[in-house]
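*Asks:* What follows is a single structure, and I will ask about it in a moment.
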Amino acid sequence: MAGGRGRLRDASGVPRARLPAAGGADGGPLGVRRRRAGPAGGRHRNRQPCLGTGRRGDRLPAGGGHAQAAAAGWRAYRPGVLRPAAGGSAVIARPVLSTPRLVLRPRQPEDADAVFVAVQDPELVRWLPNWAGATTADAVANCARGESATAVDLAITAGGAFVGHCWLAKLDRSNRTSSSGYWLAPQARGSGYAAEALSALAGWGFAELGLERIHLHAAEGNVASQRTALRAGFRAEGRQRRACRCDGHQQDMLVFARLRDDPAGPAPRPLPDVDTLTDGVVAVRPMRTGDAAAWHAERIDPEAIRWSTTPDPPDLAETQRRATGVAARWLAGTEARFAIIEGGAYAGHISLRMTEPEIGIGEVGYALHPAFRGHGLMFRALRLVTHWALIEVGLARVEAGVGTTNAASLRTAEAAGFRREGILRQALPGAAGRYDIVVLSMLRSDLTPDPPGG
């Protein structure tokens with residue numbers, strides 16, 4: 001998403017630096033630069049076809065046209081990509097791009113009213129806090145930004161109406177990289193427009209600017225933005241800890257990127273979406289932020305702490321932070337965390353960690369709230385999640401590691417169909433010191449036709 005007063009932000013709303021003037025300290029467009037000095041202090045007359053950053057700003061040859069630029073050694077942009085600017089420096093001409101449903105075009109002063117209306121939306125300001133309290137003058141200034149040597153920003157339009165904004169920014173000529181971002185007006189959300197626009201703009205950047213990598217950032221709590229990135233072919237790469245302040249608190253930023261030679265279409269999702277799994281007695285669904293208080297009560301129970309690998313009792317803020325990140329980890333394909341629901345109430349949780357996804361291995365962990373123990377709920381929930389992991393996720397093997405003296409948990413795993421394989425000595429830390437665990441597993445060939453009650 002992008003912000004006001006001439007500032008750019010990434011998809012999560014983190015403010016970026018003001019755009020430099022064309023040919024300023026950050027150099028000119030993707031292209032070539034002159035070599036200024038020879039071995040003896042003289043000047044080279046030729047221009048080297050390299051990607052570097054000049055100190056004085058790159059200049060077009062006399063005449064300023066694309067043909068003259070190409071003849072002088074500039075990188076072979078397609079006609080119209082490079083535009084001369086004042087003083088002989090160069091900027092990137094903003095394109096007009098069409099998709100099956102959208103037209104991406106340079107923003108115009110006439111877009112200011114639609115921008116102003118959009119940024120009054122609380123959900124947009126939640127992730128773009130610099131738009132809070134924006135005036136019509138801020139919207140006008142945001143739409144009036146001119147062409148740049150280091151950024152390309154476009155209006156997203158559907159049926160001729162302004163519905164959002166997308167951009168490439170911080171174009172790095174030396175490394176052939178760029179950042180990207182986007183936002184949509186409230187009435188356009190849920191349409192898939194953002195992913196469609198972002199994919200088109202990225203394709204243009206690869207084809208016309210010679211980029212090799214385009215990256216973007218999304219706040220950990222901004223799940224909609226993360227979904228957009230994945231649908232546009234951007235892959236989750238990692239996180240920057242506490243890198244942005246939005247939604248009222250400091251959050252981690254998740255990094256997504258798309259490379260020139262990545263396959264077309266959405267990025268692969270190791271963990272598919274699921275609504276609810278049930279056997280008619282118990283149900284499991286993805287854990288939500290609203291489950292944090294009940295999950296915390298489960299986590300601080302003495303029996304849970306006894307077997308926890310982090311034996312110090314967690315505080316509520318830490319549990320809330322972890323609950324906020326559940327959806328992001330699911331989308332990234334690292335962990336699926338389910339809440340167990342019985343009679344409409346939170347009863348416990350099960351997590352599926354993708355420990356070795358390349359070879360089809362995952363690991364389950366589980367715990368029940370004290371009020372729901374002893375009723376046979378966990379083995380049913382464990383069966384549901386394990387069947388989903390082996391059939392829908394496509395894992396070949398699901399493992400569980402249970403303390404050798406944790407008799408209740410061992411009974412649960414074996415009742416769910418897991419088989420004992422051996423013991424790992426001193427495998428995990430606990431409240432009373434390191435302890436041995438029994439390794440259990442379930443394979444696809446171990447599955448019975450249906451989960452219990454199915």
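The numbers here are math on the coordinates, done by the rules we state, and not lab data. Remember, predicted model here, so these are calculated numbers, not experimental data. Using ideal geometry, Cβ is built from the backbone for each residue, glycine included, and neighbour counts are taken over all protein chains shown.
*Asks:* Ranked highest first by the average count of other Cβ atoms within 10 Å around their residues, in what order do 177-189, 433-445 fall?
*Replies:* Ranked by mean Cβ neighbours within 10 Å, highest first: 177-189, 433-445.
*Asks:* Then there is this: Relative to the present Cα-Cα distance, how much length would full extension add between residue 358 and residue 297 at 0.36 nm per residue of separation?
*Replies:* Full extension of this stretch gives 18.5 nm more.
*Asks:* Another question, if that's okay. Which order do peptides 379-386, 401-408, 337-344 fall in by mean Cβ count within 10 Å, highest first?
*Replies:* 379-386, 337-344, 401-408
*Asks:* I need the calculated FRET efficiency for the pair residue 278 and residue 420, taking r as the beta carbon distance and R₀ as 22 Å, to the nearest 0.05.
*Replies:* Calculated transfer efficiency: 0.20.
*Asks:* Quick one: which of 420-432, 269-281 comes out on top by average Cβ neighbours within 10 Å, and what's the full order, highest first?
*Replies:* 269-281, 420-432
*Asks:* Over the range 92-259, how many percent of alpha carbon pairs lie in each 10 Å bin up to the one with the longest distance?
*Replies:* 10, 39, 40, 11
*Asks:* Can you tell me how much longer the chain between residue 117 and residue 212 gets when fully stretched, taken as 0.36 nm per residue apart minus their C-alpha distance, in nm with one decimal?
*Replies:* Extra length available between residue 117 and residue 212 comes to 30.6 nm.
*Asks:* Ok, one more. Could you grab the relative contact order for the range 92-259? Cα pairs under 8 Å, six or more apart, rounded to a whole percent.
*Replies:* For the range 92-259, the relative contact order is 19 percent.
*Asks:* Another question about this same structure. Using the Cα gyration tensor of the range 271-430, with a ≥ b ≥ c the square roots of its eigenvalues, what is the shape: rounded (a/c below 1.5), prolate (a/b larger than b/c) or oblate (neither)?
*Replies:* rounded
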